[in-house]
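The values are calculated or read from the model by the stated rules, or taken from the named source; none is laboratory data. Everything quoted here is computed from the prediction, not taken from an experiment. Positions of Cβ are backbone-derived with ideal geometry, glycine not excepted, and every protein chain shown enters the neighbour counts.
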Amino acid sequence: MTQEELFKKLIAHSKEYGFIFPSSEIYDGLSAVYDYGQMGVELKNNIKKYWWDAMTKLHENIVGIDAAIFMHPKTWEASGHVSAFNDPLIDNRDSKKRYRADVLIEDWLAKQDEKIEKEVEKARKRFGESFDEKMFRETNPRVKEHQAKRDLMHDRMAKALNDNDLNELRQIILDCEIACPISGTRNWTEVRQFNLMFETKIGSVAEGANTIYLRPETAQGIFVNFLNVQKTGRMKIPFGIAQIGKAFRNEIVARQFIFRMREFEQMEMQFFVRPGEELNWFKQWKATRMSWHRALGFGDDKYRFHDHDKLAHYANAATDIEFEFPFGFKEVEGIHSRTDFDLSQHQKYSGRKMQYFDPETGESYVPYVIETSIGVDRMVLQVLSAAFTEEKLENGEERVVLRIPAPIAPVKVAVLPLVKKDGLPEIAREIINSLKFDHNVQYDEKDSIGKRYRRQDAIGTPLCVTVDHQTLEDKTVTIRHRDTMEQHRVAIAELPAIVESEVSLRKLFAKLV
Ligand code: ATP
């Protein structure tokens, strides 16, 4: 199965089992807007809890807030979003499809990397044990040629983005001979800048109404509340403020399911530090955030850092954590050292002092900020794409199983009476009552037990508990594990402890550095 087919299957599965639906589907949907169904919302809430608790419970110097989506419009002038929150846009005249110019070039670069890797792999097979990869990369003419061209285009793109040179971006697309994937032609328009913020009006009458924006990031809600939190919480630097909330961007290209949406959710944390100490903290947060991802157990090689070529003018370091989706390595989280830019800008635009008096040094200053910013929806996609597995069983049957890490699985336990009579459903209900205050538990008595197991596998339920006639005699049940499909008998009285040890978020927290 190709990665593309896998991705298509994943989208279909997400819909079939109540994870993700296209928005307002009865009206044919709304482009790049999605709704979470009964399973999706549970998964999403668990991911949020994993993040929120890792931030606010495991760090005594991080607290949370929940700011409004609407903010005073000056906020976005101060932050630079009104003038500069743009993407370079280009249209193909034949297909009438619109693209982000930088993304077209980045995809081309990724293809060159793939070509090089293929050559290396081929040579590795040919030469066997004696293969010297470094030497091959440095001397093979084909690899050298690909690499040189790739590096040249990469440098040109980085420079064009930094200089905001739209003509040069277009020229790179032409020089790389990039064709529209739909029409196959290179009939490109000029590159234009496109502001991604959604506008709306506040006020009951149109005249006198003010234009405001749907926030394109949650971070500014944290910056404008910096002093409120610092003072009321008596916070001492270094400290952080965390927030989870919706953000809106009028994305030019929105084609990869929930990877790029126009309405999405972010989990952001701004960490306020002493000027001069920010790069140390940046390093530390890179490690902390990477270990949060890796604790999910999808494999360390599924993640990598990607340092930014184009640093925003206010940032002095920035990196992305990328995950290997079915469509390649892509950003799930950004970690940015934003200097004192945001607080200084708000100080300038609001006329209020955004300073901190440091009792240790006796100085007042505008703190520097390290930001960690991650998309909830991209995390959902990360989990679903890593978890989705089609398996052939020993008996020849096939099963689709979502190997979602147990602590974030939507349903933790399914309780299944073998038959609908003889008092078995009643015992199943009692078991549910003993678990439901702590865990999301499902009852299912319909169809054969095999079919019920398959249904639970398909939504990623880590544990199934089956009540049968032996239960009536000795108060034991069968517990079945999703991944291994192993079954064993345990006493009903032991269930709460077994379930807790398997599905608690503690399992993930214990792995964090
Ligand atoms: P990209 O380059 O993919 O557009 P970005 O660099 O603009 O992303 P940030 O502004 O750093 O993204 O936003 C932080 C995080 O918010 C991203 O890492 C991503 O997980 C999430 N995010 C950003 N835009 C979207 C979107 N349109 N849909 C879903 N998640 C998003």
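Scan the stretch 305-317 residue by residue and report those that are surrounded by 14 or more Cβ atoms within 10 Å (Cβ to Cβ) and in a strand (DSSP E or B). The answer is H306, A317. Within the stretch 226-262, which residues are surrounded by fewer than 17 Cβ atoms within 10 Å (Cβ to Cβ) and either outside the structural domain of L58 (by TED's automatic domain parsing) or charged (D, E, K, R) (or both)? Of everything in the stretch 226-262, those that are surrounded by fewer than 17 Cβ atoms within 10 Å (Cβ to Cβ) and either outside the structural domain of L58 (by TED's automatic domain parsing) or charged (D, E, K, R) (or both) turn out to be K231, R234, K236, K246, R255.
Summed over the stretch 74-85, the residues that are loosely packed, with under 15 Cβ neighbours inside 10 Å and either over 30 Å from N225 (Cα atoms) or touching a residue at least 60 places away in the same chain (Cβ under 8 Å) (or both) give a count of 2. Being buried (at least 17 other Cβ atoms within 10 Å of the Cβ) and modelled with pLDDT of 95 or more holds for only one residue in A458, A497, and it is A458. Touching a helix residue (DSSP H, G or I) at 6+ places or on another chain (Cβ under 9 Å) and at pLDDT below 95: is that true of L89 in this structure? Considered against the rule, which asks whether it is touching a helix residue (DSSP H, G or I) at 6+ places or on another chain (Cβ under 9 Å) and at pLDDT below 95, L89 comes out as yes.
Scanning the stretch 50-73 for residues that are surrounded by 15 or more Cβ atoms within 10 Å (Cβ to Cβ) and in a helix (DSSP H, G or I) turns up Y50, W51, W52, A54, M55, T56.
Being in a loop (DSSP other than H, G, I, E, B), of a type in the set (G, A, S) and within 16 Å of the ligand (Cβ to nearest atom) is a description that does not apply to A247.
For the residues W76, W52, the requirement of being outside the structural domain of M290 (by TED's automatic domain parsing) and in contact with a strand residue (DSSP E or B) (Cβ under 9 Å, 6 or more places away or on another chain) singles out W76. As a summary of the residue check, M267 satisfies the conditions (1) modelled with pLDDT of 95 or more; (2) more than 10 Å from the ligand (Cβ to nearest atom) except for the one numbered (2). Number of residues in the stretch 383-442 that are small (G, A, S) and either free of Cβ contacts under 8 Å to residues at least 60 places away in the same chain or touching a His at 6+ places or on another chain (Cβ under 6 Å) (or both) equals 4. Considering only residues in the stretch 1-42 that are in contact (Cβ under 8 Å) with a residue 12 or more places away in the chain and aromatic (F, W, Y), the one that is surrounded by the fewest Cβ atoms within 10 Å (Cβ to Cβ) turns out to be F21. I need the full set of residues from the stretch 355-377 which are within 16 Å of the ligand (Cβ to nearest atom) and among the aliphatic types (A, V, I, L, M), in order please. Scanning the stretch 355-377 gives V369, I370, I374, V376. Listed by first and then second residue, the pairs linking a residue in the stretch 43-61 that is in contact (Cβ under 8 Å) with a residue 12 or more places away in the chain and more than 23 Å from K412 (Cα to Cα) to a residue that is among the aromatic types (F, W, Y) and assigned to a loop (DSSP other than H, G, I, E, B), with Cβ atoms under 9 Å apart and 6 or more places separating them unless they lie on different chains, form an empty list. Out of R294, R304, R352, R289, one residue alone is in the same structural domain as E268 (by TED's automatic domain parsing) and within 12 Å of the ligand (Cβ to nearest atom). It is R289.
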